[in-house]
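Single-structure report; data block below.
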Amino acid sequence: MTEHIKTICAHAGATPDPSTGAVTSPLYFSSTFHYPPTGEYPQGHIYSRESNPTRATLENVLAQLEQGEDATTFSSGSAAASAVFLSLRPGDHVIINFDAYAGIRAMLKDVFMPWGLDVTFTDLSDVSNLSKSIQPNTKLVWTESPTNPQLRIVDLASVIGICKQKRIKVAVDNTFATPALQNPLALGADIVMHSTTKYLGGHSDLTGGALITAKKDEQWERIRHIQHIQGAVPAPFDCWLLLRGIRSFVPRMTQHISNAKAVAEFLSGQPKVERVLYPGLVSHPGHEIAKKQMSDFGAIVSFLVKGSKEDAIKIAQRVKVFTNATSLGGTESLLEHRKSVEGPDSPTPENLLRLSVGIEDVNSLIEDLKQALS
Ligand SMILES: *Cc1c(COP(=O)(O)O)cnc(C)c1O
């Protein structure tokens, strides 16, 4: 884990507040800010759709965590992704993993393809598929590594190298890896996206999204403008909850990861398990690339149950410490049969169960899975 982020997180943007001396970040609910009738606004804020002091503190922390020039936050990860696609023009071509997060695939199919984007869904864990998919109008590669929920690994340095030659922008959904384990901007990506709902929030009590940019270029200005005029901004309280969550982000991740490794190893030895999908296992096809681009392997573990969809659902019905629920990255362990929520056109296998491994006592997690599999 990159050391510098421990201190950034522990402070989470709080320098003692100059007006009161408050050590933690104040929460500014105000939707509007005083400014003189001459039109300039010396304190930097005018209206909270455009900017808010609590949000600005959060954005500054996120930019530091991902080593970017600037960051901007949204009311959800999906709203953040949507702003990137809106910054393109009808007729532009986008390449994305065929197994990317289901909600973003649905957004492209149901909203942006009818709007005029040309989209290719392909397996980016095999880089040769990228070169085959590039067209003269390709403007953006949107990628995710590890992918949700199949945990395929994309060789980010290779994808970025190919795109740089062709002047194609690269945006990386870094929700699963988190800035603690993977920094796509340091590898040359243009934009990083997060569903802050997940590990950065960390307590399953807020919905949020973020974009962090390597450079404040023309496309970034467009994205910021889209955010202002479209208005999918987070509430100040959600920004404050995120700042609070980020303070304990590093020790949470450490515990998540150590539990996930033990769970993945336990599942690997189980007769009712066909295969464990976790990049930390040497048997994972993306293990070597993951080792190269991530400082550790994360805390999402998917596994294929031997048998049918019904066999997988039976196991899901038996867990007691894990909760059957969607989402991930909270302190509590969650389990989900993804195919059921993603729908019939999802590429997720019917016998796949996804675990978001929490920070409980690891033995209680393993005992729970043991009884569910027995
Ligand atoms: C949850 C998730 C999203 C969507 O974020 P929301 O905050 O739910 O809108 C995008 N990508 C990944 C990988 C996710 O897990």
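Any read-out appearing in this document is the output of simple, stated calculations on the displayed coordinates, not a laboratory observation. Quick caveat: nothing in here was measured; it's all calculated off a predicted structure. Please note: Cβ atoms are built from the backbone with ideal geometry, for glycine as well, and neighbour counts cover all protein chains shown.
The table below gives the values:
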quantity	calculated
Taking N as its residue count, the alpha carbon Rg of the stretch 225-374 over 2.2 N^0.38 Å	1.17
Computed [θ] at 222 nm, helices only, for the chain once each DSSP H run of length n ≥ 4 contributes -39500 (n - 2.57)	-10500 deg cm²/dmol
Relative contact order (%) - criterion: Cα under 8 Å, at least six apart; region: the stretch 31-160	20
Anchor residue 216: lysines whose Cα lies under 18 Å away (excluding residues fewer than 8 positions away in-chain)	139, 164, 169
Net +/- balance of residues flanking residue 365 in space, Cβ distance below 11 Å, scoring K and R +1, D and E -1	-3
GNM result for the chain, Cα springs below 10 Å: residue of 16, 184, 26 fluctuating most strongly	16
The stretch 291-332: proportion of alpha-carbon pairs further apart than 15 angstrom, %	60
0 to 90° range, to nearest 10: angle between helix 156-165 axis and the chain longest Cα axis	50
Acute angle (nearest 10 degrees) that the helix 249-268 long axis makes with the longest principal axis of the chain, alpha-carbon atoms	20
Computed over the chain: relative contact order in percent, which uses C-alpha pairs under 8 Å that are six or more apart	17
Rounded to 10°, Cα long-axis angle of helix 236-247 versus longest principal axis of the chain	60
DSSP-defined beta bridges in the chain - what % are antiparallel, rounded to 5	55
Trypsin sites (Lys or Arg not before Pro) restricted to the stretch 299-357 and DSSP loop, no more than 16 other C-beta within 10 Å	306, 320
Largest to smallest principal axis extent of the C-alpha atoms in the chain, angstrom	73, 52, 34
